[in-house]
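S.K.: Below you'll find the structure I mean.
Derivation of every value follows stated rules applied to the coordinates shown; laboratory data play no part. The structure presented is a predicted model; accordingly, all values stated were derived computationally and were not measured. Note that each Cβ is placed from the backbone with ideal geometry, even for glycine, and that neighbours are counted across all protein chains shown.
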């Protein structure tokens, strides 16, 4: 989130951050947002609230901002199907793996246990399928001898901080869209995600 906020202040940025939401009042990202002067809002689910009810509350709060795009950055709650439908094609997420490999949790551990030689991160549109939405851009890193979860996570985060602002810029600049369940960039369908090594602009 800090990388997105920093990028939003760049002269060539196509987006501003309207508000930062969290379901945890002690989330570190709230302090980061406040340091940037960004309004924050905490929406904790009630003890009896189910996913659908929480989704309705979150949708109402987000709707007050009328955002062009919703960007998930460390928001670990699974969104309700109705929430995803309400904002279809306007929610981006970043996942720490080269999707479709290793959806879900503990990706660094699973990559190491599988003795993979490459790992990375993927920005994708959010759909009802967990980590299964149309992929937009990926960046890969080498898995090196002696890596543990912490060292691998740090290298993946470095590329995450590059590709996520890039994807948000594309969307808010009118270049990226999700049409009929497929990502499109500059009027062309993306059958595969853009690879960061292609030096996207």
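S.K.: Name the residue, out of 117, 40, 127, whose mean-square fluctuation peaks in a Gaussian network model built on the chain with Cα pairs under 10 Å.
M.R.: Among 117, 40, 127, the largest GNM mean-square fluctuation belongs to 117.
S.K.: Rg/Rh for the stretch 127-201 to two decimals, with Rh computed the Kirkwood way over all alpha-carbon pairs. Please report the intermediate quantities before stating the final value.
M.R.: Details: Rg = 14.2 Å, Rh = 13.7 Å.
That ratio is 1.03, to two decimals.
S.K.: Here is a further query. Out of all DSSP beta bridges with both ends in the chain, state the antiparallel percent to the nearest 5.
M.R.: Working: 17 of 24 bridges.
Taking every DSSP beta bridge within the chain, about 70 percent pair in antiparallel fashion.
S.K.: Among 178, 65, 172, what is the fewest-to-most ranking by other Cβ atoms within 10 Å? Before the final figure, lay out the partial values.
M.R.: Working: 178 22, 65 14, 172 18.
Result, fewest neighbours first: 65, 172, 178.
S.K.: To continue, here is another question. If I fit a long axis through the Cα atoms of helix 51-63 and take the longest principal axis of the Cα atoms of the chain, what angle between them do I get, 0 to 90°, rounded to 10?
M.R.: Roughly 80 degrees between the two axes.
S.K.: Order by neighbour count: 155, 188, 118, fewest other Cβ atoms within 10 Å first, most last. Walk me through the intermediate numbers first.
M.R.: Working: 155 18, 188 8, 118 11.
Neighbour counts put them in this order, fewest first: 188, 118, 155.
S.K.: Could you tell me the convex hull volume per residue, in Å³, taken over the Cα atoms of the stretch 42-125?
M.R.: On the way: hull volume 9.3 nm³, N = 84.
In the stretch 42-125, the Cα convex hull volume per residue is 111 Å³.
S.K.: Evaluate 2.2 N^0.38 Å with N set to the residue count of the stretch 2-198, then give the Cα radius of gyration divided by it.
M.R.: 1.03
S.K.: To the nearest 10 degrees, how steeply does helix 149-172 sit against the main Cα axis of the chain, on a 0 to 90 scale?
M.R.: It is inclined by approximately 60 degrees.
S.K.: Pairs of Cα atoms under 8 Å, at least six residues apart: use those to get the relative contact order of the chain, whole percent.
M.R.: Once divided by the residue count of the chain, the mean separation gives 18 percent.
S.K.: May I ask you to sort 158, 122 by Cβ crowding, counting other Cβ atoms within 10 Å and putting the fewest first?
M.R.: Details: 158 13, 122 27.
The order, fewest Cβ neighbours first, is 158, 122.
S.K.: Now for a different question. Run lengths n ≥ 4 of DSSP H only: what is the helix-derived mean residue ellipticity at 222 nm for the chain, with -39500 (n - 2.57) per run over all residues, to the nearest 500?
M.R.: Numbers: 6 runs with 65 residues, N = 201.
Here the helix-only value at 222 nm equals -9500 deg cm²/dmol.
S.K.: Looking only at 177, 110, 162, which one moves most when the chain is put into a Gaussian network model with springs between Cα atoms under 10 Å?
M.R.: Between 177, 110, 162, it is 110 that shows the largest mean-square fluctuation.
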